[in-house]
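*Asks:* The structure follows.
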Amino acid sequence: MRRYAFVVVVAIIAAIALYTSRTSVTGQEARQAATGSPQASTPRLPDGHPDLNGYWYRRLAPMTSQKVGESVIMADAFATLRAINPGTPKYKPEFAARVKELEKNQVHEDLTYICGPPGVPRIGPPQRIFHTARDLAILYDDLNGNFFRVIPTDGRPHRTTRPPNVPGLTDHLEIDPSPHGNSVGRWEGDTLVIEVRNLSADTWLGDNGLFHTENLRVIERLTRQGNTLTWQATVEDPEVLAEPWKLNPRTLTLRPDDEIEEAAFCQDRDTSLKQDLTYHSNIR
Amino acid sequence: MKVRNRVSALLAVLFILAVASAQAHHSFNDIFDVGTVTTLKGTISKIDWINPHVYINLDVKDSSGKVTTWGVESPPTNHLRSAGISRQDLLNNASAGEVVTVHVNPAKATAKADRPLGLLMRITYADGHFFHVRGDPKEIAAAK
(Lines give C-alpha, C1' and ligand atoms only; values in the text may rest on other atoms or scores of the structure.)
Protein backbone atom coordinates (compact mmCIF):
# COMPACT_ATOMS: atom_id res chain seq x y z
CA MET A 1 0.00 0.00 0.00
CA ARG A 2 2.85 2.34 0.95
CA ARG A 3 4.54 1.41 -2.26
CA TYR A 4 1.35 2.23 -4.22
CA ALA A 5 1.17 5.65 -2.55
CA PHE A 6 4.80 6.24 -3.46
CA VAL A 7 4.13 5.37 -7.11
CA VAL A 8 1.14 7.70 -7.22
CA VAL A 9 3.17 10.57 -5.74
CA VAL A 10 5.98 9.99 -8.24
CA ALA A 11 3.45 9.83 -11.09
CA ILE A 12 1.80 13.08 -10.00
CA ILE A 13 5.17 14.82 -9.74
CA ALA A 14 6.11 13.50 -13.19
CA ALA A 15 2.78 14.70 -14.58
CA ILE A 16 3.22 18.18 -13.10
CA ALA A 17 6.78 18.36 -14.43
CA LEU A 18 5.65 17.23 -17.89
CA TYR A 19 2.68 19.58 -17.93
CA THR A 20 4.77 22.49 -16.74
CA SER A 21 7.36 21.85 -19.43
CA ARG A 22 4.54 21.88 -22.01
CA THR A 23 2.70 24.94 -20.82
CA SER A 24 5.10 27.29 -19.11
CA VAL A 25 7.15 29.46 -21.37
CA THR A 26 8.44 31.57 -18.54
CA GLY A 27 12.20 31.52 -18.77
CA GLN A 28 12.03 29.26 -21.80
CA GLU A 29 11.50 32.25 -24.07
CA ALA A 30 14.61 33.71 -22.52
CA ARG A 31 16.64 30.56 -23.01
CA GLN A 32 15.65 30.26 -26.66
CA ALA A 33 16.92 33.67 -27.63
CA ALA A 34 20.66 33.97 -27.55
CA THR A 35 20.69 37.71 -26.90
CA GLY A 36 18.71 37.70 -23.67
CA SER A 37 20.50 37.29 -20.42
CA PRO A 38 19.36 38.26 -16.94
CA GLN A 39 23.03 38.20 -15.91
CA ALA A 40 23.99 41.19 -18.08
CA SER A 41 24.05 44.49 -16.23
CA THR A 42 20.79 46.45 -16.28
CA PRO A 43 21.15 49.84 -18.02
CA ARG A 44 19.57 52.79 -16.24
CA LEU A 45 18.19 56.18 -17.22
CA PRO A 46 19.84 59.30 -15.67
CA ASP A 47 17.12 59.25 -12.97
CA GLY A 48 18.40 55.86 -11.78
CA HIS A 49 15.41 53.76 -12.90
CA PRO A 50 15.99 50.74 -15.16
CA ASP A 51 16.00 51.72 -18.84
CA LEU A 52 13.08 49.89 -20.46
CA ASN A 53 13.77 51.20 -23.98
CA GLY A 54 13.99 48.63 -26.70
CA TYR A 55 12.39 46.06 -28.92
CA TRP A 56 11.43 43.12 -26.75
CA TYR A 57 10.99 39.77 -28.37
CA ARG A 58 8.12 37.85 -26.86
CA ARG A 59 7.55 34.80 -29.03
CA LEU A 60 9.18 31.44 -28.86
CA ALA A 61 7.88 29.83 -32.04
CA PRO A 62 9.70 31.40 -34.97
CA MET A 63 13.04 31.14 -33.21
CA THR A 64 12.92 27.40 -33.66
CA SER A 65 12.42 27.50 -37.45
CA GLN A 66 15.25 25.87 -39.42
CA LYS A 67 16.93 27.13 -42.54
CA VAL A 68 18.25 24.44 -44.86
CA GLY A 69 20.00 26.05 -47.80
CA GLU A 70 17.41 28.37 -49.33
CA SER A 71 14.58 26.37 -47.78
CA VAL A 72 12.87 27.07 -44.47
CA ILE A 73 11.09 24.59 -42.23
CA MET A 74 8.89 26.64 -39.95
CA ALA A 75 8.23 25.61 -36.38
CA ASP A 76 4.62 24.89 -35.51
CA ALA A 77 3.84 28.42 -34.44
CA PHE A 78 0.42 27.54 -33.06
CA ALA A 79 1.75 24.71 -30.92
CA THR A 80 4.30 27.01 -29.35
CA LEU A 81 1.81 29.84 -29.00
CA ARG A 82 -0.56 27.47 -27.25
CA ALA A 83 2.29 26.66 -24.90
CA ILE A 84 2.12 30.26 -23.68
CA ASN A 85 -0.36 29.67 -20.94
CA PRO A 86 -1.66 32.84 -19.28
CA GLY A 87 -3.74 30.82 -16.80
CA THR A 88 -7.49 31.07 -16.25
CA PRO A 89 -9.52 33.62 -14.29
CA LYS A 90 -12.00 32.41 -11.70
CA TYR A 91 -15.48 33.80 -12.31
CA LYS A 92 -18.24 34.05 -9.75
CA PRO A 93 -20.43 30.95 -10.07
CA GLU A 94 -23.39 32.93 -11.47
CA PHE A 95 -21.32 33.97 -14.52
CA ALA A 96 -20.01 30.51 -15.43
CA ALA A 97 -22.89 29.84 -17.82
CA ARG A 98 -22.32 33.16 -19.62
CA VAL A 99 -18.61 32.40 -20.10
CA LYS A 100 -19.53 29.00 -21.52
CA GLU A 101 -22.12 30.47 -23.85
CA LEU A 102 -19.70 33.13 -25.12
CA GLU A 103 -17.02 30.50 -25.59
CA LYS A 104 -19.40 28.44 -27.67
CA ASN A 105 -20.11 31.47 -29.85
CA GLN A 106 -16.58 32.84 -29.82
CA VAL A 107 -16.46 33.21 -33.59
CA HIS A 108 -19.42 35.57 -33.52
CA GLU A 109 -18.91 37.26 -30.14
CA ASP A 110 -15.15 37.82 -30.03
CA LEU A 111 -14.17 41.13 -31.65
CA THR A 112 -10.66 39.91 -32.43
CA TYR A 113 -12.22 37.66 -35.09
CA ILE A 114 -13.15 40.71 -37.12
CA CYS A 115 -9.76 42.35 -36.65
CA GLY A 116 -10.89 44.22 -33.54
CA PRO A 117 -8.45 45.41 -30.86
CA PRO A 118 -7.47 42.74 -28.32
CA GLY A 119 -7.50 45.10 -25.32
CA VAL A 120 -5.50 44.86 -22.09
CA PRO A 121 -4.27 42.37 -20.91
CA ARG A 122 -5.03 40.19 -23.95
CA ILE A 123 -2.68 42.18 -26.19
CA GLY A 124 0.11 40.60 -24.16
CA PRO A 125 3.49 41.90 -23.09
CA PRO A 126 5.08 45.05 -24.57
CA GLN A 127 6.77 44.80 -27.95
CA ARG A 128 8.49 48.16 -28.42
CA ILE A 129 9.07 50.53 -25.51
CA PHE A 130 10.06 54.19 -25.71
CA HIS A 131 10.98 55.35 -22.25
CA THR A 132 11.82 58.83 -20.95
CA ALA A 133 12.00 60.29 -17.45
CA ARG A 134 8.39 61.53 -17.83
CA ASP A 135 6.60 58.73 -19.59
CA LEU A 136 6.72 55.46 -21.40
CA ALA A 137 5.12 54.48 -24.71
CA ILE A 138 4.39 50.90 -25.66
CA LEU A 139 3.95 50.01 -29.34
CA TYR A 140 2.40 46.79 -30.57
CA ASP A 141 2.46 45.38 -34.10
CA ASP A 142 -0.40 43.09 -33.36
CA LEU A 143 -2.03 40.53 -35.62
CA ASN A 144 -5.05 42.86 -35.68
CA GLY A 145 -3.20 46.11 -36.36
CA ASN A 146 -0.95 48.73 -34.81
CA PHE A 147 -1.73 49.72 -31.25
CA PHE A 148 0.00 52.02 -28.77
CA ARG A 149 -0.24 53.13 -25.18
CA VAL A 150 1.24 56.28 -23.61
CA ILE A 151 1.90 55.93 -19.89
CA PRO A 152 2.93 58.85 -17.65
CA THR A 153 5.42 57.89 -14.95
CA ASP A 154 6.01 61.29 -13.31
CA GLY A 155 3.07 61.41 -10.94
CA ARG A 156 0.43 62.64 -13.38
CA PRO A 157 -2.92 61.07 -12.47
CA HIS A 158 -5.23 59.05 -14.72
CA ARG A 159 -6.80 61.38 -17.26
CA THR A 160 -10.56 61.41 -17.17
CA THR A 161 -11.22 64.48 -19.34
CA ARG A 162 -9.54 66.35 -22.15
CA PRO A 163 -9.62 70.09 -22.91
CA PRO A 164 -12.20 71.27 -25.43
CA ASN A 165 -11.13 71.92 -29.02
CA VAL A 166 -13.85 74.43 -29.79
CA PRO A 167 -12.98 78.11 -29.06
CA GLY A 168 -15.26 79.53 -26.39
CA LEU A 169 -16.22 76.11 -25.09
CA THR A 170 -15.08 75.58 -21.53
CA ASP A 171 -16.51 72.18 -20.80
CA HIS A 172 -13.94 69.43 -20.75
CA LEU A 173 -14.68 66.32 -22.73
CA GLU A 174 -14.99 63.13 -20.78
CA ILE A 175 -12.65 60.40 -22.06
CA ASP A 176 -14.59 57.35 -23.16
CA PRO A 177 -13.54 53.86 -22.10
CA SER A 178 -11.31 52.21 -24.69
CA PRO A 179 -9.90 48.74 -25.39
CA HIS A 180 -6.45 49.62 -24.04
CA GLY A 181 -7.70 52.07 -21.43
CA ASN A 182 -5.85 54.76 -19.57
CA SER A 183 -2.57 53.87 -17.90
CA VAL A 184 -0.40 55.45 -15.21
CA GLY A 185 2.96 54.06 -14.08
CA ARG A 186 4.89 54.34 -10.84
CA TRP A 187 8.13 52.77 -9.68
CA GLU A 188 8.27 50.24 -6.87
CA GLY A 189 12.02 49.76 -6.51
CA ASP A 190 13.21 48.53 -9.90
CA THR A 191 9.73 47.42 -11.02
CA LEU A 192 7.46 49.70 -13.03
CA VAL A 193 3.89 49.19 -11.86
CA ILE A 194 1.28 50.27 -14.42
CA GLU A 195 -2.35 50.69 -13.49
CA VAL A 196 -4.82 50.54 -16.36
CA ARG A 197 -8.36 51.90 -15.98
CA ASN A 198 -11.21 53.11 -18.17
CA LEU A 199 -11.23 49.90 -20.21
CA SER A 200 -14.23 49.29 -22.47
CA ALA A 201 -16.30 46.18 -21.93
CA ASP A 202 -16.33 45.10 -25.56
CA THR A 203 -13.00 43.25 -25.38
CA TRP A 204 -12.24 39.94 -23.68
CA LEU A 205 -9.53 39.03 -21.19
CA GLY A 206 -8.53 36.12 -23.42
CA ASP A 207 -9.95 33.32 -25.53
CA ASN A 208 -12.90 31.21 -24.45
CA GLY A 209 -15.49 33.81 -23.49
CA LEU A 210 -13.51 35.64 -20.82
CA PHE A 211 -15.71 38.73 -20.72
CA HIS A 212 -15.31 41.63 -18.29
CA THR A 213 -17.08 44.81 -17.24
CA GLU A 214 -16.07 48.48 -17.51
CA ASN A 215 -14.94 48.24 -13.87
CA LEU A 216 -11.97 46.22 -15.04
CA ARG A 217 -8.65 47.32 -13.58
CA VAL A 218 -5.37 45.80 -14.73
CA ILE A 219 -2.06 46.07 -12.89
CA GLU A 220 1.01 45.32 -14.99
CA ARG A 221 4.48 44.91 -13.55
CA LEU A 222 7.55 45.37 -15.74
CA THR A 223 10.93 44.31 -14.38
CA ARG A 224 14.11 44.52 -16.41
CA GLN A 225 17.01 42.29 -15.41
CA GLY A 226 19.96 42.54 -17.75
CA ASN A 227 18.61 42.02 -21.24
CA THR A 228 15.39 40.37 -20.13
CA LEU A 229 12.07 41.98 -19.30
CA THR A 230 9.44 40.26 -17.21
CA TRP A 231 5.79 41.22 -17.67
CA GLN A 232 3.17 40.16 -15.20
CA ALA A 233 -0.44 41.33 -15.24
CA THR A 234 -3.11 41.07 -12.59
CA VAL A 235 -6.77 41.53 -13.51
CA GLU A 236 -9.33 42.89 -11.08
CA ASP A 237 -13.03 42.93 -11.91
CA PRO A 238 -14.81 42.24 -8.62
CA GLU A 239 -18.22 42.48 -10.26
CA VAL A 240 -17.68 39.25 -12.20
CA LEU A 241 -14.45 37.66 -10.97
CA ALA A 242 -14.40 35.69 -7.73
CA GLU A 243 -10.83 36.83 -7.09
CA PRO A 244 -8.12 38.87 -8.89
CA TRP A 245 -6.63 36.92 -11.78
CA LYS A 246 -2.84 36.81 -11.73
CA LEU A 247 -1.61 35.93 -15.20
CA ASN A 248 1.46 33.74 -15.50
CA PRO A 249 4.46 36.03 -16.10
CA ARG A 250 6.19 36.22 -19.47
CA THR A 251 9.89 36.83 -19.90
CA LEU A 252 11.00 38.70 -23.00
CA THR A 253 14.43 39.21 -24.46
CA LEU A 254 15.95 42.39 -25.86
CA ARG A 255 16.53 42.45 -29.61
CA PRO A 256 19.02 45.29 -30.00
CA ASP A 257 19.56 44.64 -33.74
CA ASP A 258 15.86 44.47 -34.58
CA GLU A 259 12.99 46.94 -34.72
CA ILE A 260 9.20 46.81 -34.62
CA GLU A 261 7.53 46.88 -38.02
CA GLU A 262 4.19 48.26 -39.08
CA ALA A 263 1.59 45.51 -38.80
CA ALA A 264 0.09 44.24 -42.03
CA PHE A 265 -3.47 45.28 -42.79
CA CYS A 266 -5.93 43.05 -40.99
CA GLN A 267 -8.86 41.89 -43.07
CA ASP A 268 -11.23 39.16 -42.07
CA ARG A 269 -11.36 36.73 -44.96
CA ASP A 270 -12.92 33.92 -43.01
CA THR A 271 -16.38 35.46 -42.84
CA SER A 272 -17.88 32.99 -45.26
CA LEU A 273 -16.36 30.15 -43.26
CA LYS A 274 -17.37 31.34 -39.85
CA GLN A 275 -20.29 29.03 -39.45
CA ASP A 276 -17.75 26.20 -39.39
CA LEU A 277 -15.21 27.88 -37.17
CA THR A 278 -15.50 26.88 -33.55
CA TYR A 279 -12.27 28.05 -32.02
CA HIS A 280 -9.08 29.80 -32.89
CA SER A 281 -6.03 30.33 -30.73
CA ASN A 282 -5.67 34.02 -30.11
CA ILE A 283 -2.78 34.00 -27.67
CA ARG A 284 -0.48 36.94 -28.29
CA MET B 1 -0.54 -6.50 -8.35
CA LYS B 2 2.01 -3.83 -7.49
CA VAL B 3 3.15 -3.69 -11.08
CA ARG B 4 -0.43 -3.40 -12.26
CA ASN B 5 -1.01 -0.53 -9.80
CA ARG B 6 2.04 1.25 -11.08
CA VAL B 7 0.96 0.78 -14.67
CA SER B 8 -2.59 1.97 -14.00
CA ALA B 9 -1.30 5.05 -12.15
CA LEU B 10 0.94 5.94 -15.08
CA LEU B 11 -1.86 5.25 -17.56
CA ALA B 12 -4.11 7.60 -15.59
CA VAL B 13 -1.46 10.30 -15.76
CA LEU B 14 -0.96 9.79 -19.50
CA PHE B 15 -4.72 9.94 -20.04
CA ILE B 16 -4.92 13.27 -18.18
CA LEU B 17 -2.09 14.65 -20.32
CA ALA B 18 -3.75 13.42 -23.51
CA VAL B 19 -7.04 15.12 -22.58
CA ALA B 20 -5.23 18.36 -21.72
CA SER B 21 -3.49 18.23 -25.09
CA ALA B 22 -6.67 17.49 -27.04
CA GLN B 23 -8.36 20.53 -25.54
CA ALA B 24 -5.79 22.82 -27.13
CA HIS B 25 -7.61 22.83 -30.44
CA HIS B 26 -8.08 25.48 -33.06
CA SER B 27 -10.02 26.23 -36.18
CA PHE B 28 -8.11 24.38 -38.87
CA ASN B 29 -9.89 21.09 -38.32
CA ASP B 30 -13.26 22.78 -38.71
CA ILE B 31 -12.62 24.18 -42.16
CA PHE B 32 -9.82 22.09 -43.61
CA ASP B 33 -9.49 18.38 -44.07
CA VAL B 34 -6.17 17.98 -42.30
CA GLY B 35 -6.10 14.27 -43.13
CA THR B 36 -5.85 14.96 -46.88
CA VAL B 37 -2.88 16.42 -48.73
CA THR B 38 -3.62 17.95 -52.14
CA THR B 39 -0.81 18.80 -54.53
CA LEU B 40 -1.35 21.88 -56.69
CA LYS B 41 0.86 23.09 -59.52
CA GLY B 42 0.34 26.61 -60.72
CA THR B 43 1.52 30.18 -60.89
CA ILE B 44 1.13 32.80 -58.19
CA SER B 45 -1.09 35.56 -59.56
CA LYS B 46 -1.17 37.61 -56.34
CA ILE B 47 -0.23 37.51 -52.68
CA ASP B 48 -2.57 39.16 -50.19
CA TRP B 49 -0.07 40.18 -47.50
CA ILE B 50 -2.72 40.56 -44.83
CA ASN B 51 -3.54 39.35 -41.34
CA PRO B 52 -4.74 37.21 -39.70
CA HIS B 53 -3.76 35.02 -42.68
CA VAL B 54 -1.66 35.71 -45.74
CA TYR B 55 -3.32 34.37 -48.91
CA ILE B 56 -1.46 33.06 -51.93
CA ASN B 57 -3.65 33.28 -55.04
CA LEU B 58 -2.59 30.31 -57.12
CA ASP B 59 -3.73 29.92 -60.75
CA VAL B 60 -4.05 26.20 -61.46
CA LYS B 61 -4.65 25.04 -65.05
CA ASP B 62 -6.50 21.75 -65.61
CA SER B 63 -5.96 19.38 -68.56
CA SER B 64 -8.52 21.27 -70.66
CA GLY B 65 -6.65 24.51 -70.09
CA LYS B 66 -9.25 26.00 -67.76
CA VAL B 67 -7.66 28.13 -65.01
CA THR B 68 -8.98 27.99 -61.45
CA THR B 69 -7.62 30.35 -58.82
CA TRP B 70 -7.06 28.68 -55.47
CA GLY B 71 -6.90 30.64 -52.25
CA VAL B 72 -4.05 29.24 -50.19
CA GLU B 73 -4.35 30.24 -46.56
CA SER B 74 -0.90 30.83 -45.08
CA PRO B 75 0.50 31.85 -41.68
CA PRO B 76 0.17 35.44 -40.40
CA THR B 77 2.71 37.97 -41.64
CA ASN B 78 4.67 38.12 -38.39
CA HIS B 79 5.10 34.33 -38.27
CA LEU B 80 6.48 34.33 -41.81
CA ARG B 81 8.68 37.37 -41.19
CA SER B 82 10.06 35.87 -37.99
CA ALA B 83 10.97 32.72 -39.91
CA GLY B 84 12.83 34.90 -42.42
CA ILE B 85 10.22 34.70 -45.19
CA SER B 86 9.23 37.99 -46.81
CA ARG B 87 6.42 38.70 -49.29
CA GLN B 88 9.03 38.81 -52.04
CA ASP B 89 10.44 35.45 -50.91
CA LEU B 90 6.96 33.96 -51.30
CA LEU B 91 6.52 35.50 -54.76
CA ASN B 92 10.02 34.50 -55.89
CA ASN B 93 9.85 34.57 -59.75
CA ALA B 94 6.06 34.78 -59.98
CA SER B 95 6.29 37.76 -62.34
CA ALA B 96 8.18 35.52 -64.80
CA GLY B 97 5.43 32.89 -64.60
CA GLU B 98 7.32 30.47 -62.36
CA VAL B 99 5.39 27.24 -61.79
CA VAL B 100 5.33 26.30 -58.13
CA THR B 101 4.17 23.15 -56.35
CA VAL B 102 1.93 23.79 -53.39
CA HIS B 103 0.87 21.17 -50.87
CA VAL B 104 -2.32 22.02 -49.01
CA ASN B 105 -4.98 20.53 -46.82
CA PRO B 106 -8.09 21.24 -48.92
CA ALA B 107 -11.20 22.88 -47.45
CA LYS B 108 -13.89 20.43 -46.41
CA ALA B 109 -16.96 20.18 -48.63
CA THR B 110 -18.95 21.57 -45.70
CA ALA B 111 -16.88 24.77 -45.57
CA LYS B 112 -18.80 27.50 -47.34
CA ALA B 113 -15.82 28.85 -49.24
CA ASP B 114 -16.46 31.07 -52.24
CA ARG B 115 -13.52 29.56 -54.16
CA PRO B 116 -11.29 26.49 -53.93
CA LEU B 117 -9.43 26.90 -50.70
CA GLY B 118 -6.47 25.15 -49.12
CA LEU B 119 -4.36 25.47 -46.01
CA LEU B 120 -0.69 25.80 -46.90
CA MET B 121 1.67 23.04 -45.84
CA ARG B 122 4.58 23.60 -48.21
CA ILE B 123 5.39 25.68 -51.27
CA THR B 124 8.20 24.44 -53.53
CA TYR B 125 9.78 26.61 -56.20
CA ALA B 126 11.11 25.67 -59.63
CA ASP B 127 14.70 25.35 -58.39
CA GLY B 128 13.63 22.96 -55.62
CA HIS B 129 13.88 25.24 -52.60
CA PHE B 130 10.78 25.29 -50.43
CA PHE B 131 9.07 26.83 -47.43
CA HIS B 132 7.50 24.25 -45.18
CA VAL B 133 5.05 25.99 -42.88
CA ARG B 134 2.96 23.27 -41.31
CA GLY B 135 2.35 19.55 -41.00
CA ASP B 136 4.41 16.41 -41.17
CA PRO B 137 7.00 16.35 -43.99
CA LYS B 138 6.30 12.59 -44.32
CA GLU B 139 2.72 13.31 -45.42
CA ILE B 140 4.05 15.53 -48.18
CA ALA B 141 6.55 12.93 -49.32
CA ALA B 142 3.66 10.44 -49.50
CA ALA B 143 1.41 12.82 -51.50
CA LYS B 144 1.19 12.45 -55.28
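*Asks:* Tell me which residues, restricted to region A:163-214, are over 26 Å from A:Asn248 (Cβ atoms) and in contact with a strand residue (DSSP E or B) (Cβ under 7 Å, 6 or more places away or on another chain).
*Replies:* A:Pro164, A:His172, A:Leu173, A:Glu174, A:Ile175, A:Pro177
*Asks:* Would you check which residues across region A:112-121 are surrounded by fewer than 22 Cβ atoms within 10 Å (Cβ to Cβ) and either modelled with pLDDT of 90 or more or not aliphatic (A, V, I, L, M) (or both) and list them?
*Replies:* A:Tyr113, A:Cys115, A:Gly116, A:Pro117
*Asks:* May I pose another question? How many of the residues in region A:87-109 are modelled with pLDDT of 90 or more and not in a helix (DSSP H, G or I)?
*Replies:* 6
*Asks:* Which one of the conditions (1) under 22 Å from A:Lys246 (Cα atoms); (2) within 14 Å of another protein chain (Cβ to nearest Cβ) does A:Ile151 fail to meet, given that it meets all the rest?
*Replies:* Looking at each condition in turn, A:Ile151 falls short on (2).
*Asks:* While we're looking at this one, here's another question. Which pairs have Cβ atoms under 8 Å, sit 6 or more apart or on different chains, and link a residue in region A:111-138 that is more than 14 Å from chain B (Cβ to nearest Cβ) to one that is assigned to a helix (DSSP H, G or I)?
*Replies:* Matching pairs, first to second residue: A:Arg122/A:Thr112.
*Asks:* Here is a follow-up. Looking at A:Glu220, A:Glu195, A:Glu262, A:Glu214, can you tell me which residue is within 14 Å of chain B (Cβ to nearest Cβ) and in contact (Cβ under 8 Å) with a residue 24 or more places away in the chain?
*Replies:* A:Glu262
*Asks:* Then there is this: Residues to consider are B:Ser95, B:Ser64, B:Ser45; find the one that is in a loop (DSSP other than H, G, I, E, B) and either of a type in the set (Ser, Thr, Tyr) or more than 17 Å from the chain's Cα centre (by Cα) (or both).
*Replies:* B:Ser64
The values are calculated or read from the model by the stated rules, or taken from the named source; none is laboratory data. Bear in mind that the values here come from a model prediction, so they are computed numbers and not experimental data. Using ideal geometry, Cβ is built from the backbone for each residue, glycine included, and neighbour counts are taken over all protein chains shown.
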